[in-house]
Structure formats: structure tokens, C-alpha cells
Amino acid sequence: MSLDQVAAAARRSAALPLTLAVAAVDVDGGRTVGVDDTAVLPVASASKLLLLAEVSRRLDSGELRADQVVDIPDQDVAGGTGLLRRLGRRGWTVEDLAWLTASVSDNTATNALLRLVGRPATARLARQLGLDYLTLHDSVRDVRGPDVPPVFATGTARDLARLVALTVRGTMASPAAAGRLLEWMRSNTDHGLVPALIGHDPYAPCFPDPLPGGLLVANKTGTDTGVRADAGVIIGARRVAYAVVAHWDVALGPSTERAAVHAIRDVGRTLAACAHRPAPG
């Protein structure tokens with residue numbers, strides 16, 4: 001199974017009333033394929049990888065301490081995914097907030113980290129890493145009025161896959177910072193998109209080393225109105241970094257959402273087959 005077949009799987013969605021953007025990177029071989037991978041789309045919480053990358057970079061540089069306590073003011077509390085707004089404490093460490101952001105996409109934890117590091121810092125890191133279009137526009141909000149950006153974040157599948165590939169290679173800021181981000185990604189509990197139809201062990205202790213005869217996954221998903229996104233890496237005989245972003249008009253109804261999820265899972269099966277197969281000699 002080749003990366004070209006990943007692109008073919010993405011193109012099967014061409015008749016659907018949605019945009020399906022896909023990028024896949026052979027991390028070790030360096031080859032990249034994409035379909036609509038330069039389309040700038042809302043990417044929802046998949047963009048939190050950029051925030052987590054900046055937090056990890058700062059932990060490595062000493063600008064932040066893992067045990068530094070961050071108070072959670074009311075302005076950071078957001079609904080949607082997460083646990084913090086349901087818990088009694090209002091003080092959590094930087095590392096606590098990062099684990100919560102990565103594992104359950106906690107919106108309150110995300111807002112606290114974003115307030116701590118600032119959106120300009122995430123923009124600087126994106127530029128340094130060559131991520132031309134991955135942008136955090138705002139905090140996570142329960143309601144978006146006319147005086148705030150219409151979406152939390154936008155980006156391209158190519159940028160998201162590149163960020164993951166740099167992380168897997170250990171060249172995102174530093175090997176230590178990249179390794180920490182990869183561990184956070186491994187804790188993600190949402191395997192309902194790309195990994196859904198992949199036989200993989202989400203708890204194998206050998207990660208990120210290959211599992212003999214099996215597959216390992218680390219990823220970050222995103223869900224918003226008319227958006228499903230997933231960026232991560234599948235580790236088998238090959239390491240394949242990927243990003244898949246689906247976007248559609250919600251006026252088309254729930255059937256289009258179901259079609260988007262099925263299309264993403266179909267791409268996931270092809271990515272897995274590619275990761276299973278050793279790279280050509």
C-alpha cells in the first residue's frame with residue numbers, strides 16, 4: 001500500500017457535498033501526498049497541537065515550569081469538551097492543563113494555556129516551523145458574536161501533517177519538546193475518526209517504538225459545527241504522519257456529517273495499510 005493510495009482514498013469523497021482535505025507524510029522517507037491539502041479550513045481543536053507545541057517548547061527552555069500553578073478565572077471557563085468546568089478546583093499546574101488539553105480536548109484548560117503563553121507566541125512558532133496557515137484566532141467560546149473571530153482556528157491539512165511529522169522526527173523545537181508533545185498526543189481519548197477502523201493498541205507501553213506486527217496511534221481530533229479534523233501519526237513498519245479535515249455546509253443536514261465521518265475513517269484504513277507496509281528499499 002503506497003501513499004498514492006491514501007490520496008486515492010481521499011478522492012473517493014469527491015462526489016460528496018463536502019471538502020475532504022488530506023495530507024500524509026512518510027516520516028522516514030520524506031515523501032508527502034495530499035488532496036486539497038492547501039485549502040485553508042476551520043480545523044477546530046486539532047489546532048490545539050500548535051498551542052501544546054508552544055507549551056512544550058517553553059517547558060524545555062525553562063520559560064515555564066511543569067509544576068507552575070495556573071489559576072482559572074471565570075473568563076477561561078468554557079463548555080463543550082473537557083472536565084475542568086465540572087471539577088471543584090480552580091488551580092492546576094501547567095502540566096495538568098496540557099494533559100487535559102491533549103487527552104480530552106479540555107476547552108477550559110486550553111483557554112488557560114492560551115492566556116498563559118499568548119496567541120502571538122503560537123503565531124511565532126508556526127512561522128518558525130514553516131506552518132504558513134495554521135492560526136489560532138481566539139479563545140474557545142460558548143457563543144461567537146459579531147465582534148469576535150467566527151472560528152477558533154483555521155489551517156491546512158498540510159500544515160497539521162507537517163507539525164506532526166516534525167514532532168515525530170524530534171525536530172519540533174528540540175527532541176525533548178517534541179517527545180513531550182508526542183506523549184501528550186498519545187493520551188488522546190478520541191479515536192473515533194482516523195483510528196476508528198484501525199486495529200491498534202492505545203495503551204501499548206512501547207510507544208513510540210514500533211509494536212511488532214501491530215500499529216500504534218497518537219493523534220488530536222477536532223469537532224465543530226460543520227467540521228471534523230484529525231491529525232496524528234500511525235506507527236508500524238513505517239511512521240506515517242497525517243491530517244484529515246472535513247468541512248461542509250450544516251444546512252445539508254446530519255447525513256452529510258455521517259458521510260464526512262465515514263470518509264475520514266476510510267482514509268484512516270488506507271493510512272494504516274500504508275504504515276503496515278515497509279517502505280520500498
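Each of residue 189 and residue 171 was given a label point 7 Å from its Cα along the Cα-to-Cβ line. The distance between the two points is 3.6 nm.
Which value at 222 nm does the chain reach when only helices count, each DSSP H run of 4 or more adding -39,500 (n - 2.57), with the total divided by all residues and rounded to the nearest 500 deg cm²/dmol? Can you show the working numbers first?
Working: 8 runs with 103 residues, N = 281.
Computed mean residue ellipticity for the chain: -11500 deg cm²/dmol.
Between region 60-84 and region 162-235, the C-alpha centres lie 22 angstrom from each other.
In this structure, the amide hydrogen of residue 134, modeled 1.01 Å from its nitrogen in the peptide plane, lies closer than 5 angstrom to those of 156, counting only residues at least 5 positions away or on a different chain.
Residue-wise HN-Hα couplings along region 210-218, as the Karplus relation 6.51 cos²θ - 1.76 cosθ + 1.60 with θ = phi - 60° gives them from phi, are x, 9, x, x, x, 10, 10, 10, 9 Hz; Gly and Pro carry x.
Proximity of backbone amide H atoms, modeled 1.01 Å from N, is registered between residue 70 and 92, 93, 94 at under 5 Å, excluding neighbours fewer than 5 places apart on the same chain.
On a full-extension model of 0.36 nm per residue, what is the gain between residue 11 and residue 143, subtracting their alpha-carbon distance, rounded to one decimal in nm? Mind dumping the intermediate values first?
Details: separation 132, 0.36 × 132 = 47.52 nm, distance 3.44 nm.
Extra length from residue 11 to residue 143 when fully extended: 44.1 nm.
Database remark: amide H of residue 78 closer than 5 angstrom to the amide H of 108 (H placed geometrically; neighbours at sequence offset of 5 or more, or on other chains; Pro and chain starts carry no H). Solvent exposure of the chain amounts to 42 Å² per residue of accessible area, where only protein heavy atoms count and the probe is 1.4 Å. Shown is the FRET efficiency for residue 93 and residue 4, computed with R0 = 30 Å from the Cβ-Cβ distance and rounded to the nearest 0.05: 0.10. Taking θ as phi - 60° and the Karplus parameters 6.51, -1.76 and 1.60, the scalar couplings of region 174-186 work out to 7, x, 5, 5, 5, x, 5, 4, 5, 5, 4, 4, 5 Hz in sequence order, x denoting glycine and proline. Think of the chain as having a plus end and a minus end, set by charges on the Cβ of Lys, Arg, Asp and Glu; of 208, 156, 42, 208 sits farthest toward the positive end of this dipole.
Rounded to whole numbers, the Karplus 3J(HN,Hα) couplings from phi for region 249-263 are 7, 5, 5, 6, x, x, 5, 5, 4, 5, 4, 4, 5, 4, 5 Hz, using 6.51 cos²θ - 1.76 cosθ + 1.60 with θ = phi - 60°, and x at Gly and Pro. The distance separating the Cα centre of region 29-59 from that of region 100-143 comes to 11 Å.
Which percent of the accessible area of the chain is formed by carbon and sulfur heavy atoms (probe 1.4 angstrom)?
Numbers: 6010 of 11760 Å².
Answer for the chain: carbon and sulfur cover 51 percent of the accessible area.
Most tightly packed first, judged by the mean number of other beta-carbon atoms within 10 Å of their residues, the peptides 55-63, 241-249, 222-230 read 241-249, 222-230, 55-63.
The values are calculated or read from the model by the stated rules, or taken from the named source; none is laboratory data. Source: prediction; values computed, not measured. Using ideal geometry, Cβ is built from the backbone for each residue, glycine included, and neighbour counts are taken over all protein chains shown. Just the protein is used for accessible areas: all its heavy atoms, side chains included, with ligands, DNA and RNA removed. Shrake-Rupley method; radii C 1.70, N 1.55, O 1.52, S 1.80 Å.
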